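This report refers to the structure that appears directly beneath it.
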Amino acid sequence: MNWLEDIGLAVAHFIEEMGRIMVFFIETLLWLFRPPLYLRNIFKQMEEIGVNSVGVVIIMASFTGMVLALQSYTGFKRFNAESLVGTVVALSMTRELGPVLTGLIVAGRAGASMAAELGTMRVTEQIDALATMATNPIKYLAVPRVIAGFIMLPLLTIISNMLGIFGGYLVGVKVLDANPVVYMRRSFDYLEMNDVFSGLFKAAIFGLIIAVISCYKGFYAAGGAEGVGKATTGAVVISMMLILISDYFLTAILF
Amino acid sequence: MIQVINLYKAFGNKKVLAGVNLEIKKGESMVVIGGSGSGKSVLIKHIIGLLKPDKGSIIIAGKDMAKLKGGDVDNLRKKFGMLFQGAALFDSLSVWENVGFALKQHTMLSDKEIRAVAGEKLKMVGLAGIEDMMPVDLSGGMRKRVGLARAIAMDPEILLYDEPTTGLDPIMADVINDLIIEMREKLKVTSVAITHDMVSAYKIADRIAMLYEGKIVEVGTPDEIKHTKNPLVKQFITGSAVGPIKVG
């Protein structure tokens with residue numbers, strides 16, 4: 001019955017880890033509301049997570065919008081609904097693809113670098129050094145990253161949405177010969193503020209998930225270079241899984 | 001100044017500290033020696049509250065580090081400076097920002113004033129003029145000395161040294177030894193160092209304590225340690241593979 005034992009152990013480890021992530025999250029929340037606020041760190045992280053991700057987000061979003069226009073055109077032509085391509089692109093981008101793809105890309109880019117940086121700080125005792133200088137490491141390192149993730153993900157998603165719609169427009173008008181005015185009108189006629197806001201709300205939650213998981217993984221890295229590597233992989237994999245899982249439930253419950 | 005009383009700590013099934021008792025007097029330089037894995041690092045981490053014991057107390061200036069929480073731990077920690085084995089400098093900050101880190105966090109000094117204090121502390125460790133360098137550009141010995149400058153930035157009463165000479169060439173190791181002695185004489189600090197470098201231990205210690213299997217097996221002045229009859233200590237200080245200490 002060795003395999004039963006293995007499964008049991010794996011489940012126990014998983015539950016234990018989820019519990020520790022929750023404890024870490026609650027600790028971070030508690031420190032969030034206690035002064036001082038490390039503004040300099042927050043801005044630095046906003047740059048790291050947000051500004052430095054703009055390039056990849058631009059490419060990701062414009063090509064997603066472009067391919068979405070091509071694909072929906074192919075499908076919709078079969079029942080003469082080509083005129084709805086703009087609508088589909090706009091709705092898919094704002095409600096779903098904008099926030100989720102931005103979340104996944106930031107998890108891969110900023111989440112990985114966060115976990116690697118904090119993991120290295122852990123194994124080289126820099127996190128201990130912070131504590132010995134009477135500075136709480138969660139307050140100094142994790143809180144700014146969580147705030148930055150929470151703020152920057154919605155902003156990146158706005159860029160994503162705009163470029164996605166623009167990419168769809170380019171393909172619709174230049175490749176598929178749609179009328180520019182009609183395409184634009186179709187894009188925005190059926191788009192409600194709620195579609196945009198629900199997407200941005202999800203993005204903020206994804207930002208929170210990425211920052212909390214990556215910080216947690218970095219903080220608990222152990223065992224030198226190999227440990228930092230594992231922490232980084234773990235941070236990206238868990239963030240991505242949680243983004244996809246929470247995406248379903250957020251969508252189902254709230255909208 | 002520091003009293004470690006009946007300290008127990010286990011990680012999982014592994015008992016690391018099994019009833020450590022040690023008293024360090026004010027202004028004294030205590031060196032704890034012991035083999036790798038004997039629990040020296042765990043002991044020093046308990047003294048500054050990075051680890052919580054399973055049982056026992058660490059009394060520092062009348063307060064029990066093991067029982068304090070949150071802000072009280074931080075207040076007590078302001079009495080400390082610690083030099084880490086790998087110096088543990090913050091990679092993202094320049095040398096002067098590293099040295100002045102605690103000042104920035106806990107005082108109202110302006111950046112200009114902090115920089116001036118940092119410059120002064122760097123001069124004390126023989127590294128004047130490197131304020132604007134980044135930690136990655138420093139050699140191992142320089143990193144340790146910057147770490148020492150950072151440890152003394154807040155004029156601590158207690159200095160902890162985690163393997164201060166490990167990984168350095170013999171000459172640089174001696175420079176660090178001299179600095180440790182200088183710190184004690186000039187700043188009148190109480191210091192606790194852990195090491196397995198006996199040359200360093202004899203040079204910097206007022207008293208030496210040996211940790212073995214989670215207990216202090218002998219405490220004495222360097223002279224007493226050199227002439228000890230305890231076979232465990234004898235084997236360790238002469239560096240012999242043969243003797244009562246089991247090599248794992």
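For the stretch A:2-254, report the translational diffusion coefficient in µm²/s to the nearest whole number, using Stokes-Einstein at 20 °C, 1.002 mPa s, and a Kirkwood Rh over Cα pairs. Mind dumping the intermediate values first?
Values: Rh = 19.6 Å.
Roughly 109 µm²/s, to the nearest whole number.
Would you work out the relative contact order for chain A, in percent, from Cα pairs under 8 angstrom that are 6 or more residues apart?
Values: 346 pairs, mean separation 81.2, N = 255.
About 32 percent, as a whole number.
Name the most mobile residue of A:MET162, A:MET18, A:MET240, meaning the one with the largest mean-square fluctuation, in a Gaussian network model of chain A with Cα contacts below 10 Å.
Its mean-square fluctuation being the largest, the pick is A:MET18.
Using the eigenvalues of the Cα gyration tensor, what equivalent ellipsoid semi-axes result for the stretch A:31-151 when each is taken as the square root of five times the eigenvalue, whole Å, largest first?
Working: eigenvalues 362, 37, 19 Å².
Whole-Å semi-axes of the equivalent ellipsoid: 43, 14, 10.
Compute the Cα gyration tensor for the stretch B:32-161, then decide on rounded, prolate or oblate, letting a ≥ b ≥ c be the square roots of its eigenvalues: rounded whenever a/c is under 1.5, prolate when a/b is larger than b/c in the other cases, and oblate in all that remain.
Values: a/c = 2.51, a/b = 1.50, b/c = 1.67.
Here the stretch B:32-161 falls in the oblate category.
I want to verify a result. In a Gaussian network model of chain A, Cα cutoff 10 Å, which of these has the top mean-square fluctuation: A:LEU242, A:LEU153, A:LEU118?
A:LEU242
Whole percent per 10 Å bin, from 0 to the bin with the longest distance: what is P(r) over all C-alpha pairs of chain B?
Spelled out per bin, shortest first, that is 7, 31, 35, 21, 6, 0.
Looking at the stretch A:1-99, which chymotrypsin sites (Phe, Trp or Tyr not before Pro) are in a loop (DSSP not H, G, I, E or B) and have at most 11 other Cβ atoms within 10 Å? Present the calculation step by step, with values, prior to reporting the outcome.
Values: sites: A:TRP3, A:PHE14, A:PHE24, A:PHE25, A:TRP31, A:PHE33, A:TYR38, A:PHE43, A:PHE63, A:TYR73, A:PHE76, A:PHE79; in loops: A:PHE33, A:TYR38, A:PHE79.
The qualifying sites are A:PHE33, A:PHE79.
Would you give the gap between the C-alpha center of the stretch B:120-181 and the C-alpha center of the stretch A:188-219, rounded to a whole Å?
Centre-to-centre (Cα) distance: 45 Å.
Around B:ASN75, with a cut-off of 12 angstrom between Cβ atoms, what is the net charge of the other residues, counting Lys and Arg +1 and Asp and Glu -1?
On the way: positive: B:LYS63, B:LYS69, B:ARG77, B:LYS78, B:LYS79; negative: B:ASP72, B:ASP74.
For residues surrounding B:ASN75, the net value is +3.
Compute the relative contact order of the stretch A:1-106 as a whole-number percentage, counting only Cα pairs closer than 8 Å that sit 6 or more residues apart in sequence. Present the calculation step by step, with values, prior to reporting the outcome.
On the way: 23 pairs, mean separation 24.0, N = 106.
Rounded, it is 23 percent for the stretch A:1-106.
How long are the semi-axes of the equivalent ellipsoid of the stretch B:144-204, taking √(5λ) for every eigenvalue λ of the Cα gyration tensor, in whole Å from largest down?
Numbers: eigenvalues 67, 29, 21 Å².
Values for the stretch B:144-204, descending: 18, 12, 10 Å.
Cβ under 10 Å from A:SER198's Cβ, A:SER198 left aside: what net charge do those residues give with Lys, Arg +1 and Asp, Glu -1?
Values: positive: A:ARG95, A:LYS202; negative: A:GLU96, A:GLU192, A:ASP195.
It works out to a net charge of -1.
I want to verify the translational diffusion coefficient of the protein assembly as shown in µm²/s; compute it with Stokes-Einstein, Rh as the Kirkwood radius over Cα pairs, at 37 °C and 0.692 mPa s.
126
Considering only the other residues whose Cβ falls under 14 Å of the Cβ of B:VAL20, what net charge follows from Lys and Arg at +1 and Asp and Glu at -1? If you can, show how the numbers build up before the last one.
Working: positive: B:LYS9, B:LYS15, B:LYS40, B:LYS45, B:LYS55, B:LYS215; negative: B:GLU23, B:ASP54, B:GLU213, B:GLU218.
Cβ neighbours under 14 Å give a net charge of +2.
Give me the Kirkwood hydrodynamic radius of the stretch B:93-132, using the inverse of the mean 1/r over all pairs of distinct Cα atoms, in Å to one decimal. If you can, show how the numbers build up before the last one.
Working: mean 1/r = 0.1019 Å⁻¹.
In the stretch B:93-132 this quantity evaluates to 9.8 Å.
Taking the C-alpha atoms of the stretch A:159-217, how large are the radius of gyration and the largest Cα-Cα span, Dmax, in Å?
Looking at the stretch A:159-217, its Cα Rg and Dmax stand at 16.3, 50 Å.
Extending each Cα 7 Å along its Cβ direction at A:ILE253 and A:LEU32, get the distance between those two points in nm, one decimal.
Using points 7 Å along Cα→Cβ, the separation is 1.5 nm.
Enter the Cα centre distance for the pair the stretch A:3-68 and the stretch B:39-79, rounded to the nearest angstrom.
The distance from the Cα centre of the stretch A:3-68 to that of the stretch B:39-79 comes to 31 Å.
Go ahead and set up a Gaussian network model of chain A, Cα springs under 10 Å, then flag whichever of A:THR132, A:THR124, A:THR87 fluctuates most.
Judging by the Gaussian network model, the answer is A:THR132.
Each reported figure results from applying straightforward, stated rules to the coordinates on display, with no laboratory input. From a predicted model like this one, the values you see are computed outputs, not experimental measurements. Because the Cβ atoms are built from the backbone with ideal geometry, glycine has one as well, and the counts that use them run over all protein chains shown.
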